[in-house]
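**Student:** Just passing along the structure, written as structure tokens.
Just so it is clear, none of the values below were taken in a lab; they were calculated from the coordinates. This is a predicted model, so every value here is computed, not measured. Neighbour counts are summed over all protein chains in view; Cβ atoms, including those assigned to glycine, are modelled from backbone coordinates with ideal geometry.
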Amino acid sequence: MTDRIQDKDRFVSAEGFAPISSRSTIQDGVYRQLRYALMTGRFDPGQTLTISSLSESFGTSHMPVREALRRLAAENALEVAANGSARIPGISRARLDDLCRARMAVEGLATELAVPNIAERDIATLMTLVHEHETVGRLDSFYAMLGKNQEFHFRLYAASQSEVLIQLIETLWLRFGPYMRLLTRHLEPILQTQEGETYSVHHHEIIAALKAGDAVAARAAIVADIEATQRLLHSLSDDS
């Protein structure tokens, strides 16, 4: 898992941001927290993020926020207006399908490459994350569940030992953020029931494939996981 995913300077609640760590620059801290917030669907599609409101939330000047937004726009995670404000990209089925095709290709390859490098301790960690993913939504929040889901995926992809693939996957997840927000609205009420556990079925399949050392099956399971999300998002969208 990359340092950007592990960093403790994260967007921690719907009301505000975590304090910026003294170990990092203010600009990098703002960037990391916004990046994590985008990846985990904290913002509505089409939502406008103003420099002044973000600066107030972070307790910083405008400059680090402006630079963080610029960096995120360069990653196609945001659309920046002439006045410096940023907009969360809108969603469409065409864009969803395009992103999912790319995710299946890149994440499938990363999973396949990860299989021969996975140790028993890595599998144990992934099993713990699956359990937490299944329970944390009911005990905490859907955002906590998304965090565990992300941690599971990037723990797996880190074993690919491909810096390039992980960077590409992070960029795709950034652009997928608005669709995760759509899932949030639909799934959060469901997590109060046992039905919430069904969303980790493919994670169990991945672990079984890792234990068997079956790279083909592991890749098929990660692709099936992405396809399941894609189908669910299609059912929630009225955009043809």
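**Student:** For segment 93-236, go through all pairs of different Cα atoms, get the mean of 1/r, take its inverse, and jot down that Kirkwood value in Å.
**Tutor:** Answer for segment 93-236: a Kirkwood hydrodynamic radius of 15.3 Å.
**Student:** In Å³ and rounded to a whole number, note down the convex hull volume per residue for the Cα atoms of segment 60-144.
**Tutor:** 188
**Student:** Ranked highest first by average number of other Cβ atoms within 10 Å, how do 129-135, 118-124 line up?
**Tutor:** Final packing ranking: 129-135, 118-124.
**Student:** What ranking do Asp44, Asp28, Asp225 get, fewest neighbouring Cβ atoms within 10 angstrom at the top? Walk me through the numbers on the way to the answer.
**Tutor:** Values: Asp44 15, Asp28 19, Asp225 24.
Least to most surrounded, the residues fall as Asp44, Asp28, Asp225.
**Student:** Let me ask another. Quick one: Met127, Met39, Met63, fewest Cβ neighbours within 10 Å first, how do they rank? Please report the intermediate quantities before stating the final value.
**Tutor:** Working: Met127 16, Met39 24, Met63 13.
Ordered from fewest to most neighbouring Cβ atoms within 10 Å, Met127, Met39, Met63 come out as Met63, Met127, Met39.
**Student:** Next up: Step through the residues of segment 71-86 one at a time and calculate ³J(HN,Hα) from phi using the Karplus curve (6.51 cos²θ - 1.76 cosθ + 1.60, θ = phi - 60°), rounding each to whole Hz and writing x for Gly and Pro.
**Tutor:** 5, 5, 5, 5, 8, 6, 8, 9, 10, 9, 7, 4, 7, x, 5, 10
**Student:** Pull up all non-local amide H partners of Leu49: gap of 5 or more, or a different chain, and H-to-H distance under 5 Å with H placed in the peptide plane.
**Tutor:** Hits under the 5 Å cutoff: Ala86, Arg87, Ile88.
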